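Enquirer: Can you read through this structure? Questions will come right after.
The values are calculated or read from the model by the stated rules, or taken from the named source; none is laboratory data. A quick note: this is a predicted structure, and the numbers were derived from the prediction, not measured. No Cβ is skipped: glycine too gets one built from the backbone with ideal geometry, and neighbour counts run over all protein chains shown.
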Amino acid sequence: MKKKFDNLILITYLLIIIVIVYGGATFGTKYYRELMNQPGVVIKDGVQIATIIVNEVGYEPQTLELKSNIPTKINFYADETATCSRQVTSKQLDFFKTLYVNKSEVIDVGKLTPGTYKYQCGMGMHTGELKVITE
């Protein structure tokens, strides 16, 4: 009887550990993903990175201001609620990408000259723009 009780306690502890580890990893991954995919512009190692969140209402933020003549990458991150906005295209920047849920798609657009560069979803319902200014 004592051996069965000891085995039951061991199994219970193992299940608790599995739940804690799995839950922590799941929460940690989601938190890290959200932390790394905050909308806005950062310059890291001489490269300007514009992060745009793609969700059910479109692109967030809709307008970002960038500096000209700095190598630039656009990081589109599609959250789990993204709709037709998961297809993003720009004739001016010459790209068409399909975005995948909970993943980032980084597009290298090189050094941009001053001006306004527009992008939109595949259906043209959701739009956004990058305003490039002289530094």
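Enquirer: Can you name the residue in the range 54-65 that is touching a strand residue (DSSP E or B) at 6+ places or on another chain (Cβ under 6 Å) and surrounded by 15 or more Cβ atoms within 10 Å (Cβ to Cβ) and, of all such residues, is farthest from GLU129 (Cα to Cα)? Quick ask: steps written out before the conclusion?
Expert: Taking the range 54-65 first, the residues touching a strand residue (DSSP E or B) at 6+ places or on another chain (Cβ under 6 Å) are 54, 59-60, 62-65.
With the extra rule that they be surrounded by 15 or more Cβ atoms within 10 Å (Cβ to Cβ), the set shrinks to 54, 59-60, 64.
Numbers: VAL54: 13, TYR59: 9, GLU60: 10, LEU64: 7 Å.
Across the range 54-65, the extreme among qualifying residues is VAL54.
Enquirer: Any residue at all in the range 66-88 that is at pLDDT 95 or above, loosely packed, with under 12 Cβ neighbours inside 10 Å, under 20 Å from MET125 (Cα atoms) and in the same structural domain as MET125 (by TED's automatic domain parsing)?
Expert: No: zero hits.
Enquirer: Tell me which residues, restricted to the range 118-130, are more than 20 Å from the chain's Cα centre (by Cα) and within 16 Å of GLN92 (Cβ to Cβ).
Expert: If the condition is that a residue be more than 20 Å from the chain's Cα centre (by Cα) and within 16 Å of GLN92 (Cβ to Cβ), then GLY124 is the only one that fits.
Enquirer: Scan the range 106-117 and report the pairs whose first residue is in a loop (DSSP other than H, G, I, E, B) and whose second residue is of a type in the set (S, T, N, Q) and surrounded by fewer than 17 Cβ atoms within 10 Å (Cβ to Cβ), with Cβ atoms within less than 7 Å and a gap of 6+ or a chain change.
Expert: Short answer, once both residue conditions are applied: LEU112/SER68; THR113/SER68; PRO114/SER68; PRO114/THR134.
Enquirer: Got at least one residue in the range 8-21 being assigned to a loop (DSSP other than H, G, I, E, B), modelled with pLDDT of 70 or more and surrounded by 10 or more Cβ atoms within 10 Å (Cβ to Cβ)? Before you say what the answer is, go through the steps one by one.
Expert: Step one: filter the range 8-21 for residues assigned to a loop (DSSP other than H, G, I, E, B), giving none.
No: the range 8-21 contains no residue that is assigned to a loop (DSSP other than H, G, I, E, B), modelled with pLDDT of 70 or more and surrounded by 10 or more Cβ atoms within 10 Å (Cβ to Cβ).
Enquirer: Continuing with this model, one more query. Go through the range 91-105 and give me each residue that's in a loop (DSSP other than H, G, I, E, B) and either surrounded by fewer than 13 Cβ atoms within 10 Å (Cβ to Cβ) or of a type in the set (Phe, Trp, Tyr) (or both). Break it down stepwise before answering.
Expert: Keep residues of the range 91-105 that are in a loop (DSSP other than H, G, I, E, B), which gives 91-94, 99-100, 102.
Selection gives LYS91, ASP94, TYR100.
Enquirer: Could you list all residues from the range 68-90 that are part of a loop (DSSP other than H, G, I, E, B) and either in contact (Cβ under 8 Å) with a residue 24 or more places away in the chain or touching a Leu at 6+ places or on another chain (Cβ under 9 Å) (or both)? Even if it seems obvious, please write down each step before you answer.
Expert: Just the residues of the range 68-90 that are part of a loop (DSSP other than H, G, I, E, B), to begin with: 68-70, 79-83.
Hits for the range 68-90 are SER68, ASN69, ILE70, ASP79, THR81, ALA82, THR83.
Enquirer: Step by step: first the residues of the range 118-135, then only those that are on the phi < 0 side of the Ramachandran plot, surrounded by fewer than 13 Cβ atoms within 10 Å (Cβ to Cβ) and in a loop (DSSP other than H, G, I, E, B), then the one that is modelled with the lowest pLDDT. Which residue is that?
Expert: Selected residue: GLU135.
Enquirer: Count, please, the residues in the range 90-115 that happen to be polar (S, T, N, Q) and under 21 Å from GLN38 (Cα atoms).
Expert: Narrowing the range 90-115 to residues polar (S, T, N, Q): 90, 92, 98, 102, 104, 113.
If we keep only those that are under 21 Å from GLN38 (Cα atoms) as well, we get 98, 102, 104.
Here the count works out to 3.
Enquirer: Condition first: small (Gly, Ala, Ser) and either modelled with pLDDT under 85 or over 16 Å from VAL101 (Cβ atoms) (or both). Now tell me which residues in the range 31-58 satisfy that. Working first, answer last.
Expert: As a first pass, look at the range 31-58 and keep what is small (Gly, Ala, Ser): 40, 46, 50, 58.
Residues satisfying the conditions are GLY40, GLY46, ALA50.
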